[in-house]
Structures are given as C-alpha cells and as structure tokens.
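Report on one structure; see the data block that follows.
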Amino acid sequence: VRASSVAVKEAYALEYDLLYQDIDKALNNRIQESNDPRDIIKSMHREHDVTQSLPSYFTVNGRSFPYSLTDSLIIVKPDQKIKLRVANGGGGGVALHTNGHKPTVTHLDGVEVAEAARITRDVFSIAAAQRTDLSLSTRDNGLDSYGPGVWLMHDHRERAASNAGVAPGGGITAITYESLLAANGL
C-alpha cells in the first residue's frame, strides 16, 4: 500500500495501481515440487528453458477474471481526473485497452513525458518490466470518455483474455461509474 503524494492529490481525484502479470504454469509447478530451495533453484535455472516459457494465466493485481473484478475495479464519477499507475510484471508485452475512454500517457518508467510528446489513445503497449502512468479523464466529451457505464479495461492480446486458453479470463478489470454501482445496490 502506497500513500499518494501531495502533487498527485492536488492534480487527481483518485489514483489506482495496476500490476499486470503472466504465469507460466509449467514453471509454477516446478516451484511446488519441493520444499528444498536447492532443488527448486536447480529445477528453475538448470532444467527449465526460460526461452520456451508459455504463459497460461494472466492477472491484474494478482487475480484473474472474474475475481479481478472484486479487487481491481476503477471506480469513478463523471468529470474526474484519475491517475492510473500501470506496471507490467510479466515476461511479455501488454496491450492495455481502456474501452470507453482515451487516457493520456504522462510518465514512462517514472520519468515525466514532455507535454508535446504525450499520447492520447485507448490502447497502450507496455513492454515487460515497464511502468506507464496514465491520466484518465471521465469528462463525457466523446474524446476523453463516452459517458457513464461499466467499461472493460484489459490486455487486448487474445491469449491474455483467457485462463489456460479458456475465455473470458485473464487480467480484465473495468472503469466503473459509481452511480451504476449505487443504482444496483453495490
């Protein structure tokens, strides 16, 4: 848990951290084969070929869909400015798609992007181990936002929208307007 800085509190109504990861089931199973760290290290680093890794599970904040919706919803109100801190902790790239909204990149790997170089779009490529900060506006103007709703936010790669090849799954969350939660008693 991280406290927001004074600068973030002044510029943004809310801040969310999103960690995307992928899990190689074969490597994960190797780790569970022994309680002896020496055997685990040998299996992971001498017997497992990392160049042949094939992720089976995809998560956001440690959970896959549908469980990701209980802990990783981005709950917003109209006309807010939200900071999304997105990190890719997986071995492959993430194509982060924000349905219904077009955020703007403000920082890459903790370094501020010059105002003239900031990109606004609805799909962002985030390389392995890269961090990207996005400014999400919920202003309903047809550019920043298309209005209140429950808008899925997910890795746009087909495999990443599954759990072991079964879809829907993976690191799916949603930009969810608070009024819709309240209207449904949530």
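Per-structure values
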item	result
Spacing of the two label points (7 Å from each Cα toward its C-beta) at A26 and V113, in nm	3.6 nm
All lysines inside 25 Å of K42 as judged from Cα atoms, apart from same-chain residues fewer than 8 positions distant	K25
Theoretical ellipticity at 222 nm over the chain - DSSP helices of four or more residues, -39500 (n - 2.57) apiece, nearest 500	-3500 deg cm²/dmol
1.4 Å probe accessible area per residue over region 1-139, in Å²	58 Å²
Dipole-positive endmost among G89, T104, S145 within region 24-147 (Cβ charges, Cα centre)	S145
Within region 147-180: backbone nitrogen closer than 12 Å to the N61 label point (7 Å, Cα to C-beta)	172-176
Nearby lysines by direct alpha-carbon distance to K81 (threshold 16 angstrom, same-chain neighbours under 8 apart not counted)	K9, K102
Mean Cβ neighbour count within 10 Å, used as a protection proxy, ranking 89-95, 111-117 highest first	89-95, 111-117
Carbon and sulfur %, accessible surface of region 49-107 computed with the full protein complex present, 1.4 Å	55 percent
Among (i) 9, 33, 33, 16, 8, 1; (ii) 7, 19, 16, 9, 7, 6, 6, 6, 6, 6, 5, 4, 2, 0; (iii) 9, 39, 37, 14, 2, 0, the entry that matches P(r) over Cα pairs in 10 Å bins from 0, in percent as calculated here	(i)
Share, in percent, of DSSP beta bridges within the chain that are antiparallel, nearest 5	75 percent
Most to least packed among 163-170, 39-46, 152-159 [average Cβ atoms within 10 Å]	152-159, 163-170, 39-46
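The values are calculated or read from the model by the stated rules, or taken from the named source; none is laboratory data. As the structure is a prediction and not an experimental result, all values here were calculated from the model. For neighbour counting, all protein chains shown are included, and Cβ atoms are generated from backbone atoms with ideal geometry for every residue, glycine included. Note: areas computed on protein heavy atoms with side chains; ligands, DNA, RNA excluded. Shrake-Rupley method; radii C 1.70, N 1.55, O 1.52, S 1.80 Å.
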